[in-house]
Every structure is written in structure tokens, then in C-alpha cells.
Ligand SMILES: Nc1ncnc2c1ncn2[C@@H]1O[C@H](COP(=O)(O)OP(=O)(O)OP(=O)(O)O)[C@@H](O)[C@H]1O
Ligand SMILES: [Mg+2]
């Protein structure tokens, strides 16, 4: 006969009330799990979309180019890497690195034979490496730019839908790219439109085009690249890889800057803060509701058992043992309710994922998204701990009531 | 004859305040109870019987007067000491039995031993023995709601005695029982007193019970009106 066992048996006395309390705790737990799972999904989705949409996990750029401008997404090769192939070999030898892929950023004007022109933002990369890194180009029409470096006069580009529309071009059209080269001279390159793509972001689609590294370097008259983008096998290895890449490149002259994606992603900190804020807000509401509901039941329990608690005190049970009896009932409610809530939450997450709900595209995005709720293992343990905290808080008033109980009053209580 | 009294009360007074009104529940009660005695506290309703038992049982404190239990002044004990004193030296029987409904008869009787930290095997053995002594050896596994009123009170008596206390305080122990069962319970208390020498202080209105008691203290308006011993005792 242990106090905890006695508390458990006491819980079984008023089954209806206990069931309601457990339902409140379990529902609160499941609600938190679903919220955490949905947020993790949204956040992971956003992070992975940003990383595989072109950020990579790490950027290696010239220290002077990066200083104070870590969040810059467009880097001119004017401040680029000359010996990038050496750096690439060093970094790709590190564990967990999928690839270190060069990019060249070029901005200029694109015009058609009929005289229509528009500003463009061009990104050139290594197609084979980018595929390995999971950078997907969303081709909507036509063909991709071939992997092999283009021969002179055979340069090809993929134009984002919005830009193609503004220019009135499609696959097979010829356009001219105009840009200022690294010597400061205006340079032109005639290219063929191979295909139409989308970046997934409407705004960017009005300016974006992709070309092969060779074409971009020809247009800019250089063999440099703007930066190297490093992608890892797992996002969770970012910190570890950051340290190892930094140590490998420590002696490089001129100094190189290695910047993680979190520092480069636009609005990353704000989005993270927003999610955390929403989670805390919902969490606080659930917390308050469960505290109120269970505190009320525990107080009723104490009132009903006044005479019994007085008897225990008369028989020589200490104040703290009697208060502990009520406290332990609260602990059981939190524990059982939390475990039931975990099971319920896991079931609901599985169910939602099995049904497969498609949501309309978020603002500014192009494609609809398939809703998924992620299993966040930490949240399952965390939710139970939270519920135990909730119940501990709910037990404060009833336990104090027991601690203040006068034996004689309790014994004569009817 | 020179052993100190188990209870030695001198001028015990207790007042209750109900709003403006003050009730003098006890007005200077003197009472000495020696080892092995069975004592009935009689008196009309409101005469202070329960209040006196509460004070003797260290469940409440007097406003005036002194109480010594087995040589220890009650006023010298703190809350924790009084709790420990009750746990080890006293037993209680209530009019409404006050068994824990979630525990079996056996577990209810084990409770005082558990509080005293007795090992589980020893607990089981002694509770079993105590239940057998009150004639309920066969009903150990029953919960209180599966027992009759008389049986419940026997369980409560076993619980009050299982840890071999110095004294048992019983407030209207037969108040919820029919007269036949009441007589049996009284008989049981007397036989347990003979077997173990435990002091019993019993508050009651029950004339039949009063008649059987070796010593009767009558309270009236919070004062001792009479204190008689049976000639045969
Ligand atoms: N907690 C209390 N608050 C106020 N008055 C009280 C309290 N307890 C007892 N009294 C009063 O003290 C007096 C004595 O009460 P007590 O319960 O000791 O009487 P009693 O002899 O046990 O009566 P009964 O035979 O009805 O049980 C009564 O007038 C009662 O109303
Ligand atoms: Mg009374």
C-alpha cells in the first residue's frame, strides 16, 4: 500500500469526473502535439524549400564580399573566387557534404529581336551538382539547359514564366542578354530559350532566368564564380559542417566567409519568431484551460473528502502525507491524461496524413501544398511534462486547502 | 497504584466563537484516567463530550487548563509531535466508522501500521490477527460498502487497536448501530480492554452502554456533574 497507489484508487471513485478531467488533459495534449506537428511541417517545409530552392546549407564567398552583407542573395563575381575549383575539392572531401556547387550571379537587360526588353536576374550553376544537392528547377515548358558546357554560339537559357510572358517569348525563341562585364564594358550574348521555369515565387518569376556557368562567365568575361553553395545530407548537420568547412578553409588567402543558410534566408528570424510566438500563444491558452478545469475538480475532490482527510490526520497521517495524496492524484491525472493524449495525438496525426489534405498556395507562392503533420518526438515527452506542470499548478490551491484543514472541523463536517 | 494517570486533565476549558456569540463548550474539567480503565463520558447533547474527547486525543487544544498524557504535557508538543503521538499512542473510533472506502477491511486495519512504517509482512500478520479478534477474519478482503454497520465498526475497532495504543477514544461508537449490535460492540470493547489493558474513553448517550461501563463521568454544560465507579470494580 503506497500513497501513490491509494491516490490512484481514489481517482477511480468518481469515474465520471475523472474521465472528464482525463479527457480535458488528453485533448489539451493532443492539441499541442497537432499544433507542434503542423508548425514543424510548415517550418521544415519552408526551410527545406529555401535550402533546396537555391540557398544551400552553407555559402562560401570572399570574406570581403560577405562582410556585413551575409544576407545578400545576389553576389557579383567581381568580388568572386578565382581558385574555386580547389576550394570545391577540399570541401567536397568532408563528411556529410553532398556537393559544393559554384554559382555565378549576373544582372542585366534581356531583349528580343522585336525590341521588347526587360531587366533580368540570372543565376548560373552546375546542373549535375545541383541535381545531386536536390536543387530542383521547376520546368514548365520546353527543355532544361544541357549539363555540358555550351560551345560558343550555342548558349541556352531557361526563362521564368513571368519574364517570358513580359517578353513574349517561348521555347526556341532567340533573345539577347546585355550585361556589364568585370572590366566595366557592356557585353552582349545571344542565347536560345530552351525552356520555361518557375521559381515558385511570383515576384521573382518576372525577373529570373537560368543559364549555364560557361554562358554566364562568357557574358561577364571571367573564369571566377560568385560563390560556392554547399549542401549537406541532412539539415541537422549544418552546425557541425559549418565548423569543419571553416576549419578546412581557415588558411585561405584571401580570407573566405562561410555563412549558414539561417543567416542568409530572408525573414528567417522573423518567421521563426512568428511560429514560436503562435505556439506559445496557443500553448498558454491550452495551459490556462487545463489548469482551470482540473483545479476545479481537485478542489471538489478535497471538499467531498473532508471527513476522510480529517480521519487520516486523526490517525496520525502527517499534513504532508495527506496533502501529498491530493498532489499525487493530480500527478496521476497529468500522467495518464498526457499518455492518453500522446496516443490520441499520434492517432490524429496519422489520420490527417493518411487522408492527405491539400491546401491552397500560401501568399506569394505558386503551387498548392500537401498538408502534413510531422511527428515531433520531443513534443510527445514535452507535452506530458507540460501536463504534469499544469496539474502541479492546478493542485496548489487544493493542496493548500488540505494543509490548512483543522482536524476537528473536518471530522464534524457533513 | 503509583503509576502516572494515562490522562490527567486539570481545569480544561474550551470556548467557541460563532459570530458575536461565545459558546463555553468546556468550563474547567478535571479528569484522571488510569491505565487499563474503561470510562464512559455521558451527558446531554451539547454538554461537551465530543469536545473533551477531541482535547484528550490532541485533535484540538484547550483555551485554559492543562492536559498531561502518559506523563507528557500536551501543550509541550508541536503539531508534528502531536501527529506522531496520535499515530503511535492513540486509537480513534468514530460514530460514522470513517473507514477509507477504497481500501479493503484488511488494508484499513493495516493503515496505522503502514503509517508507523511496519514492514508489509508484519503488517499483514498483525492486521489479520486484529480482524480475527473482532470476529471478522473471514471478511478481510471486503470493502467497507460490502459490510454491515456493525461489521464496519468492528473493522474500525480493529484499526484503532492494531498498533497497540495506550488509549482508544471512541465518540458515539454505537450511535449508528441498532441496540443488539451496539451491545455486541460494547462487549467487544470490554473484552479487548481485558485482553490488552487498553484504556477506552467512550462518549455516548446510550443508556444500555452507560449501564455496562465500569466508570461513568457525566458532563453537564461543560462541567463534570458526576464521576461514579461501579461498586464491583
Ligand atoms: N466547532 C464548533 N464551533 C462552534 N461551536 C461548537 C463547535 N464544536 C462544538 N461546539 C459547541 O460546543 C458545545 C459542546 O459541543 P460537543 O460537540 O462537545 O457536545 P456533545 O456533548 O458531543 O453533543 P452531542 O451529544 O450532540 O454529540 C455545543 O454547544 C456545540 O454547539
Ligand atoms: Mg458529540
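For this structure, a couple of remarks:
- Cα gyration tensor of chain A - equivalent ellipsoid semi-axes, whole Å, descending: 65, 23, 15
- 10 Å Cβ neighbours from other chains, averaged over peptide A:315-325: 5
- For the stretch A:67-146: rounded, prolate or oblate by the Cα gyration tensor [a/c cutoff 1.5]: oblate
- Ranked A:303, A:133, criterion: other C-beta atoms within 10 Å, fewest first: A:303, A:133
- 222 nm mean residue ellipticity, helices alone, for chain B (DSSP H n ≥ 4; -39,500 (n - 2.57); rounded to 500): -10500 deg cm²/dmol
- The stretch A:330-414: relative contact order as a whole-number percent, Cα under 8 Å and 6+ apart: 37 percent
- Taking A:355, A:51, A:326 as the candidate residues, the one with maximal mean-square fluctuation in a Gaussian network model of chain A, Cα springs under 10 Å, is A:355.
- Cβ crowding within 10 Å averaged over residues, with A:256-269, A:276-289 ranked highest first: A:256-269, A:276-289
- With a cut-off of 12 Å on the backbone N, the residues of the stretch A:150-186 near the modelled label site 7 Å out from residue A:192 along Cα-Cβ are A:151, A:153-157, A:171-175.
- Chain A - mean residue ellipticity at 222 nm from DSSP helices (-39,500 (n - 2.57) per run, n ≥ 4, rounded to 500): -16500 deg cm²/dmol
- Spin-label pair residue B:179-residue A:288: with each label point 7 Å from Cα along the Cα-Cβ axis, the two points sit 6.5 nm from one another.
- Between residue A:8 and residue A:318, the contour length at 0.36 nm per residue exceeds the Cα-Cα span by 109.7 nm.
- Taking label positions 7 Å along the Cα-Cβ direction at both residue B:132 and residue A:85, the computed distance is 9.9 nm, reported to one decimal.
- Theoretical FRET efficiency, 1/(1+(r/R0)^6), r = Cβ-Cβ of residue A:148 and residue A:107, R0 30 Å, to 0.05: 0.75
- As a rough footprinting exposure proxy, the listed residues A:38, B:92 were ranked by other beta carbons within 10 Å of their own, and the order from fewest upward is A:38, B:92.
- Cα→Cβ-extended label distance, 7 Å offset, between residue B:88 and residue A:15, nm: 4.3 nm
- Peptide B:47-55 - average C-beta neighbours from other chains (10 Å radius): 1
- Other protein chain C-beta atoms within 10 Å of residue C-beta, averaged over B:156-164: 1.
- Distance between the stretch A:305-340 and the stretch B:155-179 - C-alpha centres, whole angstrom: 25 Å
- Arranged from fewest to most other beta-carbon atoms within 10 Å of their beta carbon, B:14, B:49, A:138, A:2 become A:2, A:138, B:14, B:49.
- Whole-number percent relative contact order across the stretch A:102-226, with pairs defined as alpha carbons under 8 Å at least 6 apart: 36 percent
- Using a cutoff of 8 angstrom between alpha carbon atoms and counting only pairs six or more residues apart, the relative contact order for chain A works out to 26 percent.
- Segment residue A:94-residue A:280, length gained on full extension (0.36 nm per residue, minus Cα span): 63.1 nm
Laboratory data are not the source of any read-out in this text; all were calculated from the coordinates shown. Model, not experiment: these values are computed from the prediction. Cβ sites come from the backbone with ideal geometry, for glycine too, and all protein chains shown count toward neighbours.
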